[in-house]
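Below: the structure, in C-alpha cells.
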Amino acid sequence: MDRSASTSRLTEKNIGVIGLGIIGRGIAAHLRRTGYSVFVWNRSPRAVPNFVGSPGELAELCNYIQIFVSDDQALLQTVEQLSEHLTPRHMILAHSTVAPDSMRAAAQIVERRGARFVEASFTGSKPAAEKGELIYYVGGTDLALREARPILQASSKEIIEIGGVGDASAVKIATNMITAASIQAAAEALGLVRALGLPMEKFIEAMRPNASYSGTLAMKLPKMISRDFDPQFSVKHMLKDMQIACHIALSHYLDLGVTAAARDQLLEQMQWGQGDDDYSVVARKYLQDAAPESYEQQQHSGEEAQHAEDNEEIASSPAPKTENMSPKAAAVDTSEQPLLRLAEAGAVVAPTTPPLRRGFLKQLLSRLSPGQE
C-alpha cells in the first residue's frame with residue numbers, strides 16, 4: 001500500500017478493526033456495506049480488503065480503532081503495540097470479554113498517550129455482527145462515550161451505558177454465566193426427554209410458551225437437536241468467560257456452583273477437542289446413541305490395560321518367595337486393587353474398580369479443592 005496515498009485517505013470515516021475472528025470480520029464487512037472505509041489487521045494475515053501490515057499502520061490511517069481480540073493477554077499486547085502510535089486524535093474501542101482489571105489496565109495504556117478509551121463489551125453472535133445488530137455494554141467517561149456513540153451505532157441495535165471502564169466487562173461476564181448455565185440445563189433436559197423415548201420436538205413445543213424460554217434457547221435448541229454445532233460462539237471462548245467468573249468469585253468468597261458446573265462441562269469438551277465448536281456442543285454427549293467414555297473412564301481403561309500388562313509379566317516370571325512375609329501380608333494382595341486417594345481431603349480411599357460416572361471425579365475434586373481453578 002502506497003503510504004502517501006493511504007495517508008491522504010485518512011478521514012473520520014476511516015475505522016480500523018483489529019481481530020478478524022467471527023465477530024470482527026462480521027463487523028468489518030457490515031461497516032463497509034454502510035459506507036465506512038475499513039482497514040483491518042490480524043495477528044495471522046488474511047486475504048481481505050485493506051489488510052495493513054501492523055497496528056501502527058492502522059493508527060496512521062484511522063482515528064477510530066475497534067479491537068475484537070479474544071482474551072486478556074491479546075488485548076493488552078494489542079494496546080501495547082498501538083500505544084507508541086497513538087495521539088490525542090485517536091479513540092480506542094475495546095470489545096473483548098476480559099477480566100475488569102485487564103480492561104482497566106488497557107485503558108491506562110491508551111490514556112497515557114492522550115487518546116480516549118471506551119470499553120464496549122457486546123452481546124450477540126455471528127448473525128448479529130453480520131447484520132450490525134450487536135448490543136453494546138459500554139463503560140468510560142461521559143465525553144468519550146458521546147464521541148464513541150456514532151461509531152457504535154453503526155454496528156448495533158442498542159447501546160447500554162453501564163459505568164466506568166471495567167464495569168461493562170463485569171456485567172458481560174455475569175450475563176454469560178446465565179447463557180452458559182441455560183444451555184447446559186437445556187442439554188441435560190434434552191438428554192432426559194430422549195432417554196424416556198419422547199420426541200424432542202415436543203419438548204421444544206412445550207418450551208416456547210414456558211416462562212423460562214429465551215432468545216438463546218430459541219436459537220440453540222433446534223441446532224442442538226440437529227447436532228449443528230457450527231461456531232457462533234465457541235467452546236473455548238465461553239470456557240474462558242466462565243473461568244474469569246470463577247476467579248472473580250474466589251476473590252469475593254462466592255460459591256458459584258452452577259457456573260463451576262457449566263465450566264466443567266465446557267472443559268470436558270475442550271479435552272475432547274471440541275474447542276472451536278459452538279458452546280452448545282455440550283449437548284452432544286446427551287444426544288448420541290453410544291456415549292463415548294468420559295475422560296476419567298479413559299484414564300481408568302488405560303490403568304486397567306497397564307495392570308493387565310503388568311500381570312502378564314508377573315505370571316511369566318518366577319513366583320516370589322514369601323517365607324519372609326508376615327502371614328497377614330502374604331494373605332492380602334492389593335496389586336489388582338487400584339485406589340483413588342485424595343490426601344487433601346484426609347485419607348479418603350475409594351476403590352475404582354467400577355467405571356466412574358461421567359464427570360464425577362472432576363466435580364468431586366472441584367468441591368474438595370475450591371481454591372484450584
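The values are calculated or read from the model by the stated rules, or taken from the named source; none is laboratory data. Please read all numbers here as calculations on a predicted model, not as lab measurements. Heads up, the Cβs are rebuilt from the backbone with ideal geometry, glycines too, and the neighbour counts pull from every protein chain shown. Only protein heavy atoms, including side chains, enter the accessible area calculation; ligands, DNA and RNA are left aside. Shrake-Rupley method; radii C 1.70, N 1.55, O 1.52, S 1.80 Å.
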Report, by residue number, each residue of the range 102-114 that is surrounded by 18 or more Cβ atoms within 10 Å (Cβ to Cβ) and either more than 17 Å from Leu76 (Cα to Cα) or among the polar types (S, T, N, Q) (or both). Ser102
What about Glu161, is it more than 19 Å from the chain's Cα centre (by Cα) and part of a strand (DSSP E or B)? yes
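Filter the range 17-30 down to the residues that are among the β-branched types (Val, Ile, Thr) and crowded, with 21+ Cβ neighbours inside 10 Å, then identify the one that is nearest to Pro231 (Cα to Cα).
Of the residues in the range 17-30, the ones among the β-branched types (Val, Ile, Thr) are 17-18, 22-23, 27.
Cutting the leftovers down to crowded, with 21+ Cβ neighbours inside 10 Å gives us 17-18, 23, 27.
Details: Val17: 21, Ile18: 20, Ile23: 11, Ile27: 16 Å.
The qualifying residue nearest to Pro231 (Cα to Cα) is Ile23.
Taking the range 184-230 only, how many residues are touching an Asp or Glu at 6+ places or on another chain (Cβ under 7 Å) and open to solvent by 40 Å² or more (accessible area, probe 1.4 Å)?
Residues in the range 184-230 being touching an Asp or Glu at 6+ places or on another chain (Cβ under 7 Å) and open to solvent by 40 Å² or more (accessible area, probe 1.4 Å): 1 in total.
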Consider Ala99 carefully, then state whether it is open to solvent by less than 30 Å² (accessible area, probe 1.4 Å) and modelled with pLDDT under 95. no
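So that you can scan it fast, the table gives a plain yes or no per residue for (1) more than 30 Å from Met219 (Cβ to Cβ); (2) open to solvent by 10 Å² or more (accessible area, probe 1.4 Å); (3) within 21 Å of the chain's Cα centre (by Cα):
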site	(1), (2), (3)
Val38	no, no, no
Gln66	no, no, yes
Glu80	yes, yes, no
Ile92	yes, no, no
Arg116	yes, yes, no
Residues in the range 40-53 that are open to solvent by less than 40 Å² (accessible area, probe 1.4 Å) and assigned to a loop (DSSP other than H, G, I, E, B): how many? 2
Yes or no: Arg33 among the basic types (Lys, Arg), more than 18 Å from Ser121 (Cβ to Cβ) and either open to solvent by less than 30 Å² (accessible area, probe 1.4 Å) or within 25 Å of the chain's Cα centre (by Cα) (or both)? no
Among what's in the range 118-127 and is small (Gly, Ala, Ser) and surrounded by fewer than 24 Cβ atoms within 10 Å (Cβ to Cβ), pick the residue that is farthest from Gly166 (Cα to Cα). Ser125
Evaluate the range 199-213: report whether one residue or more is among the hydroxyl-bearing types (Ser, Thr, Tyr) and either out of contact with any Pro (no Cβ under 6 Å at 6 or more places or on another chain) or without any contact (Cβ under 8 Å) to a residue 24 or more places away in the chain (or both). yes
Looking at Thr7, Thr87, can you tell me which residue is open to solvent by 30 Å² or more (accessible area, probe 1.4 Å), at pLDDT 95 or above and farther than 17 Å from Ala129 by Cα? Thr87
Any chance the range 173-183 includes a residue that's among the polar types (S, T, N, Q), modelled with pLDDT under 95 and open to solvent by 30 Å² or more (accessible area, probe 1.4 Å)? no
